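Trainee: Sharing a structure below in structure tokens format, with a few things to ask.
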Amino acid sequence: MSKIEGRPFAWPNKARIAVVVTCLLESWTDGRGPPFSVQTSPLKPGVQDRAAMTWGWYGRHAGVWRLLKILDDNKVPATFAANARSLELAPAAARQIIRSGHEVAAHCYLQDQLLAYMTPQEERAEIRRVADIVNTVTGVAPTGWLSSVLASSEHTERFVAEEGFLWYGDYNHFDLPCCVSVGERTIVAIPHSDFADHRVLRANPRDWYDVYQDTFDYLYRNEPTSYINITVHCHFGGRPLIAAQIDRILKYIRGHTDVWIVRHDELARWVLDNGIGEWTNGARFFPEAK
């Protein structure tokens, strides 16, 4: 079990739960859009789906600004995982993210250009290119990497570590952030979310709120020193019907004591500074087990 100064691992100020908010700011290749939008069935082959295209544009045109307002109104710091192309297309929004005190993390160049399809040489070049664009547009070098649709390759973790990133988010086998050894380097694993806002697009937006409230309540009551990643997309969650639920959940969480709401990079720095290794569920729940 990881320990800090000989004591069992605990969040700062003995918080019961750490909460991170991930806002995804995404763009697609010209002429394309997200694979799920307002269309309930695909158009005929060869027909341009302008509904999908414009649905995807919403994030950088309108959604990002609404989410920034909601975050600022609730005094909640967040991490914006942004396709570099989105930052090029919406530089004013990119700069406002930084001015509002949020983090911008690297999220590939386009949402439909996946690392999993690239050669190792192409992939490393992509990571460097994206980091350079984020730095150029925002004035701040990114310290975190989250691959588009989490479609990483067997090389991504090593490349991200070797390029000097602090944290990496393409992990599905951890419950809690932790240090991961990658060759001679160490990077912090930031687990992603199991439930994002696109899942309620054609259903009931209140389902999104209910899932996160129920998850938060369970962890807060039953698992001291837990973690939750609340995830939204600017082109989904930035729309009023879901943004209303985002505002609700942030107000609900802030109504609890002993909650650490933190940006990914600040959380990762704390984990790294304290040398936190994987705190397994076996060690958490059954410390006597061998």
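The values are calculated or read from the model by the stated rules, or taken from the named source; none is laboratory data. Model, not experiment: these values are computed from the prediction. Note: ideal-geometry Cβ built from the backbone for every residue, glycine included; neighbour counts use all protein chains shown. Side chains included, ligands, DNA and RNA excluded: accessible areas come from the protein's heavy atoms. Shrake-Rupley method; radii C 1.70, N 1.55, O 1.52, S 1.80 Å.
Trainee: Of the heavy-atom accessible surface of the chain (probe 1.4 angstrom), what whole percent is carbon and sulfur?
Mentor: Here carbon and sulfur together make up 49 percent of the probe-accessible area.
Trainee: Same structure, new question: Once the other residues with Cβ under 13 Å from the Cβ of Leu241 are scored (Lys, Arg +1; Asp, Glu -1), what is the net sum?
Mentor: Taking every Cβ under 13 Å from that of Leu241, the sum is +2.
Trainee: Let me ask something else. Given points 7 Å out from each Cα along the Cα-Cβ axis, report the Gln121 to Ala62 separation in nanometres with one decimal.
Mentor: 4.5 nm
Trainee: Determine the sum of side-chain charges near Phe174: Lys and Arg each +1, Asp and Glu each -1, restricted to other residues whose C-beta is under 14 angstrom from that of Phe174.
Mentor: -4
Trainee: When the dipole is taken about the Cα centre of the chain, and only Lys, Arg (+1) and Asp, Glu (-1) are charged at their Cβ, what size is it in debye, to the nearest 20?
Mentor: 800 debye
Trainee: Hey, another quick one. Among 274-287, 65-78, what's the highest-first ranking by average C-beta atoms within 10 angstrom per residue?
Mentor: Taking the mean over residues of other Cβ atoms within 10 Å, the ranking is 65-78, 274-287.
Trainee: Rounded to the nearest 0.05, what FRET efficiency is calculated for Asp217 and Ala151 with R0 set to 25 Å and r the Cβ-Cβ distance?
Mentor: The formula returns an efficiency of 0.20 here.
Trainee: Each label point is 7 Å from the Cα along the Cα-to-Cβ direction; what then is the distance between the points at Lys75 and Asp210, in nm?
Mentor: Output for this residue pair reads 3.2 nm.
Trainee: Still on this structure, please answer the following. Only bridges whose two residues both fall in the chain count here: according to DSSP, what percent of them are antiparallel, nearest 5?
Mentor: DSSP beta bridges in the chain are roughly 20 percent antiparallel.
Trainee: Picking from Pro142, Asn74, Trp57, whose Cα lies most toward the positive end of the charge dipole for the chain (charges on Cβ: Lys, Arg +1; Asp, Glu -1)?
Mentor: In the chain, that residue is Asn74.
Trainee: Follow-up question, since we're still on this one. If you place +1 on the Cβ of every Lys and Arg, -1 on the Cβ of every Asp and Glu, and leave all else neutral, what size is the dipole of the range 131-193 about its Cα centre, to the nearest 20 Debye?
Mentor: Dipole about the Cα centre, nearest 20: 120 debye.
Trainee: What number, in percent, do you get for the relative contact order of the chain if the mean sequence gap of Cα pairs under 8 Å and at least 6 apart is divided by its residue count?
Mentor: Relative contact order, the chain: 28 percent.
Trainee: For the chain, with every protein chain kept in place, what is the accessible area per residue (1.4 Å probe, Å²)?
Mentor: Value for the chain: 47 Å² per residue.
Trainee: Give me the dipole magnitude in Debye, nearest 20, for the range 116-234 about the Cα centre, with unit charges on the beta carbon: positive for Lys and Arg, negative for Asp and Glu.
Mentor: Approximately 220 debye in magnitude.
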